[in-house]
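**Student:** So that we are looking at the same thing, I have put the structure below in structure tokens.
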Amino acid sequence: MRITPQMLGTTPPPVMEARRWLEGVSFAPDRPLINVSQAAPVDPPPDAMRQAMAQSILTEDAAHLYGPVLGLPELRAEVASQWSAQYGGQIIPENVAITSGCNQAFVAAVATLASAGDEVILPTPWYFNHKMWLDMQGIRSVPLPAGSGLLPDPEQAAALITEKTRAIVLVTPNNPGGVEYPPALVRAFFDLARKHGLALLLDETYRDFHSQSGAPHDLFTDPDWADTLIQLYSFSKAYRLTGHRVGAMVAAPSRMAQVEKFLDTVAICPNQIGQRAALWGMQNLTDWLAGERLEILDRRAAIKEQFPKLDGWDLLGCGAYFAYVAYPFAIKSDVLAQRLVRDAGVLLLPGTMFNPADDKAAERQLRIAFANIDRHGIEILFDRLKNISF
């Protein structure tokens, strides 16, 4: 059976691999599993949105048909309008594509930028699906180790640029680190990318849960932002639409003409019901989303309050949906993560899933995705973790 070397060399999906650790393990009713492995809401959309989706199914024939490859014109226009107001820049509907989730936005952008043998700079710890796609395409991921506070250094990135470099990728708020990149840092990477004729792929999947109010950066105020910036976004996290696969890309119209070719051959069009839900959410759920943000910020605060229970541990980053931690035990993180399922009833992901194989620091790091546990659940989580020893 023929399988390409690139596919064989790509790691298995980490969340699916972690779920297999649950096979054959039972949990007592008074000590259920705490699942902090996946960065996705498990609750359905709010009832009002579900009612609006049901109405679309019942009354809009077009909701069951192919639609425009780049997405519903109304949704593209709404994104352009709201983003222009929020970022203080000029974004037009032609700058916007709606995609089948933010992952598809990333792969579509990369498809226009890089080919086998090219290079893309990824800060580490990286988002594993970004690395996986680059591996599948034979594109070299160039690690940029994050420094103090899990913040990447533009000067270090500059030293990694070669004639094969095509793009720099940033995720802020970060997955898996949770850190929010300061506006000046984002601007520095934008300037670096522009200087070298590269694209800056800015993944803002978790921007709705940023701890600071106002625009998280000023890149869209640059009248020529589209010559460098490609912004990625997910409606899934904002409106609990993970199963409907709705994301977005904001880029130059000339790039969108190429993106359209890619999307047409992959999914033809984004999910019609999901797009209508996203549009309804943008127009009707501003206050609800603000409440969701405050809840996530409260859980972030709870993580920081509970963390002193873990003697010898370090909280490397915390924000959006994530806490990224280092522990003091002499046991590799991929082994510890599997042991925690049985010994503590906790499912989380090891740092080895977010870093190059030779990264020794990752062997003592873990990611905790806390979006689906409240303050009480966070307290129980840390009580369980403080009692482990190896």
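**Student:** Strictly over 28 Å apart at the Cα level, which of Lys237/Lys332; Lys237/Lys360; Lys131/Lys195; Lys304/Lys332; Lys131/Lys309; Lys131/Lys164 would you flag in this model?
**Tutor:** Lys237/Lys332; Lys237/Lys360; Lys131/Lys309
**Student:** Using only the alpha-carbon atoms, what does the stretch 36-128 span along each of its principal axes? Please give whole angstrom values in decreasing order.
**Tutor:** That gives 49, 38, 31 Å along the principal axes, largest extent first.
**Student:** Over its Cα atoms, what ratio of radius of gyration to 2.2 N^0.38 Å does the stretch 266-390 give? Can you show the working numbers first?
**Tutor:** Working: Rg = 17.9 Å, N = 125, 2.2 N^0.38 = 13.8 Å.
Working it through for the stretch 266-390, the quotient is 1.30.
**Student:** Give the calculated FRET efficiency between Asp383 and Asp287 to the nearest 0.05, with a Förster radius of 25 Å applied to their Cβ-Cβ distance.
**Tutor:** Approximately 0.15, to the nearest 0.05.
**Student:** Counting every Cα pair in the stretch 210-308, what percent are over 17 Å apart?
**Tutor:** Of the Cα pairs, 67 percent sit more than 17 Å apart.
**Student:** Just to confirm, what accessible area per residue do you get for the stretch 34-93 at 1.4 Å probe, in whole Å²? Before the final figure, lay out the partial values.
**Tutor:** Details: 3180 Å² over 60 residues.
It amounts to 53 Å² per residue over the stretch 34-93.
**Student:** Using a Gaussian network model of the chain whose springs link C-alpha atoms within less than 10 Å, name the residue from Ser26, Ser115, Ser141 with the highest mean-square fluctuation.
**Tutor:** Judging by the Gaussian network model, the answer is Ser26.
**Student:** To continue, here is another question. Using a 1.4 Å probe on the protein chains only, how many percent of the accessible area of the stretch 222-338 belongs to carbon and sulfur? All intermediate terms of the calculation are to be shown ahead of the outcome.
**Tutor:** On the way: 2230 of 4560 Å².
After summing per-atom areas, the C and S share lands at 49 percent.
**Student:** Kindly rank 169-175, 116-122 from highest to lowest mean number of other beta carbons found within 10 Å of each residue.
**Tutor:** 169-175, 116-122
**Student:** Next question, about the same structure. Say the dipole of the stretch 233-324 comes from +1 at the beta carbon of Lys and Arg and -1 at that of Asp and Glu; which of Leu310, Tyr324, Val266 then lies farthest toward its positive end?
**Tutor:** Towards the positive end, the residue furthest out is Val266.
**Student:** Suppose every Lys and Arg Cβ carries +1 and every Asp and Glu Cβ carries -1, with no other charges. What dipole size does the stretch 1-136 come out with about its Cα centre, to the nearest 20 debye?
**Tutor:** Values: 7 positive and 13 negative charges, 79 e Å.
So the dipole magnitude of the stretch 1-136 works out to roughly 380 debye.
**Student:** Separate question: Cβ under 12 Å from His244's Cβ, His244 left aside: what net charge do those residues give with Lys, Arg +1 and Asp, Glu -1?
**Tutor:** So the environment of His244 carries a net charge of +4.
**Student:** Pick from Arg166, Arg364, Arg31: which residue has the top mean-square fluctuation in a GNM of the chain where Cα pairs under 10 Å get a spring?
**Tutor:** Arg31
**Student:** Starting from the amide H of Gly317, placed 1.01 Å from N in the peptide plane, find each other amide H under 5 Å away whose residue is 5 or more places distant or on another chain.
**Tutor:** Distant-sequence amide H within range of Gly317: Tyr324.
**Student:** Can you list, bin by bin at 5 Å, the percent of alpha carbon pairs in the stretch 324-378, starting at 0?
**Tutor:** 5, 20, 27, 25, 14, 8, 2, 0
**Student:** With the dipole of the chain worked out from charges on the C-beta (+1 for Lys and Arg, -1 for Asp and Glu) around the Cα centre, which of Ala226, Val186, Ser100 lies farthest toward the positive end?
**Tutor:** Highest projection toward the positive end goes to Ser100.
**Student:** For a protection proxy built on the mean count of beta-carbon atoms within 10 angstrom, sort 8-20, 258-270 highest first, please.
**Tutor:** Answer by packing, highest mean first, reads 258-270, 8-20.
**Student:** What whole number of Å gives the distance from the Cα centroid of the stretch 1-53 to the Cα centroid of the stretch 221-291?
**Tutor:** Measuring centre to centre over Cα atoms gives 23 Å.
**Student:** OK, next. Share of Cα-Cα pairs in the stretch 77-165 beyond 19 Å, in percent?
**Tutor:** Counting every Cα pair in the stretch 77-165, those more than 19 Å apart make up 54 percent.
**Student:** Turning to a different aspect of this structure: In the Gaussian network model of the chain, springs joining C-alpha atoms below 10 Å, which of Leu134, Leu294, Leu241 carries the largest mean-square fluctuation?
**Tutor:** For the chain, modelled as a Gaussian network with Cα springs under 10 Å, the answer is Leu294.
**Student:** Can you list the equivalent-ellipsoid semi-axes of the chain, largest first and in whole Å, using the square root of 5 times each Cα gyration tensor eigenvalue?
**Tutor:** 32, 26, 21
**Student:** Would you work out if the stretch 128-270 is rounded, prolate or oblate? Take a ≥ b ≥ c from the square roots of the eigenvalues of the alpha-carbon gyration tensor; rounded if a/c is under 1.5, else prolate when a/b is larger than b/c, oblate otherwise.
**Tutor:** rounded
**Student:** Per residue of the chain, what 222 nm ellipticity follows from adding -39500 (n - 2.57) for every DSSP H run with n ≥ 4, rounded to the nearest 500?
**Tutor:** The helix contribution divided over the chain gives -12500 deg cm²/dmol.
**Student:** Moving on to the next point. From the residues Val120, Leu160, Gln137, which one has its Cα farthest along the dipole of the stretch 118-166 in the positive direction, the dipole being from +1 and -1 charges on Cβ of Lys/Arg and Asp/Glu about the Cα centre?
**Tutor:** The listed residue farthest towards the positive side: Gln137.
The values are calculated or read from the model by the stated rules, or taken from the named source; none is laboratory data. On a predicted model such as this, the values are computed, not experimentally measured, just so you know. Methodologically, a virtual Cβ is constructed for each residue, glycine included, from the backbone with ideal geometry; neighbour enumeration extends over all protein chains shown. Ligands, DNA and RNA are excluded from the accessible area calculation, which covers all protein heavy atoms including side chains. Shrake-Rupley method; radii C 1.70, N 1.55, O 1.52, S 1.80 Å.
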